[in-house]
Amino acid sequence: MEIEAGLEEKVASMMKRADKTLLNSLGIEFTLLSKSRLLAQMPVDERTRQPFGLLHGGASVALAETLASVGGWLNVEGPGKAVVGIEINANHVRSVRSGIVAGEAEPIHIGGKIQVWKVSITNEDGELVCESRCTLAIIAG
C-alpha cells in the first residue's frame, strides 16, 4: 500500500481498528492513500455478489463510501473531529460476475463542515462499473 508522506501514523491507527469491520468482511484492500486520491480493490466473490451472480450494488456503494470516508478523514485536521456520510448516490452502469473491481476516489470539495467526493469503480478491463458521489459531514469525534 502506498501512503502519502506524513499520513503513515494516521493510517496505521485506522488499520488497527479495521479488523472485523465491513472493510475486511468485503475484502476491500487499499492500494493508495493520500489526501487527494485514494485507490482500493474489492473482490467480486460470494461476499459481494447478489443471488443472481452479479456484483451487488450495495457492495459497490460500500466500496465507494469507504473510499470517500477514509479520504475525508485523512483531510480532517486537529483532534476530536470525524467524518460521517450524509448522502451517497450511485449509478451502476455495467455488471461484473467475477474478478476484482477497483475504486478511485477524488475530492470535489473539501470544506470546514462538508466534503464531497467522487468515486469511480471499474472492472479489470478499466471499464466503468459504478459512478458515485458521497457527501460527508465533519463532526466532533
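Which residue is surrounded by the fewest Cβ atoms within 10 Å (Cβ to Cβ), if the candidates are limited to segment 96-141 and must be assigned to a strand (DSSP E or B) and either basic (Lys, Arg) or at pLDDT below 95 (or both)?
Here the answer is ALA140.
Would you confirm, using the coordinates I've provided, whether PRO51 is out of contact with any His (no Cβ under 7 Å at 6 or more places or on another chain) and surrounded by 14 or more Cβ atoms within 10 Å (Cβ to Cβ)?
So PRO51 fails the test.
Conditions tested, residue by residue: (1) more than 20 Å from GLU131 (Cβ to Cβ); (2) modelled with pLDDT of 95 or more.
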site	(1), (2)
GLU4	yes, yes
SER13	yes, no
ASN24	yes, no
GLY27	yes, yes
THR31	no, yes
ARG37	no, yes
ARG49	yes, yes
ALA62	no, yes
ALA68	no, yes
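If you scan segment 23-80, which residues turn out to be closer than 22 Å to SER98 by Cβ, part of a helix (DSSP H, G or I), within 11 Å of the chain's Cα centre (by Cα) and touching a residue at least 40 places away in the same chain (Cβ under 8 Å)?
Correct list: LEU23, SER60, VAL61, ALA62, LEU63, ALA64, THR66, LEU67.
The values are calculated or read from the model by the stated rules, or taken from the named source; none is laboratory data. The model shown is predicted, which means the values in this text are computed figures rather than measured ones. Quick reminder, even Gly has a Cβ in these numbers, built from the backbone with ideal geometry, and neighbours come from all protein chains shown.
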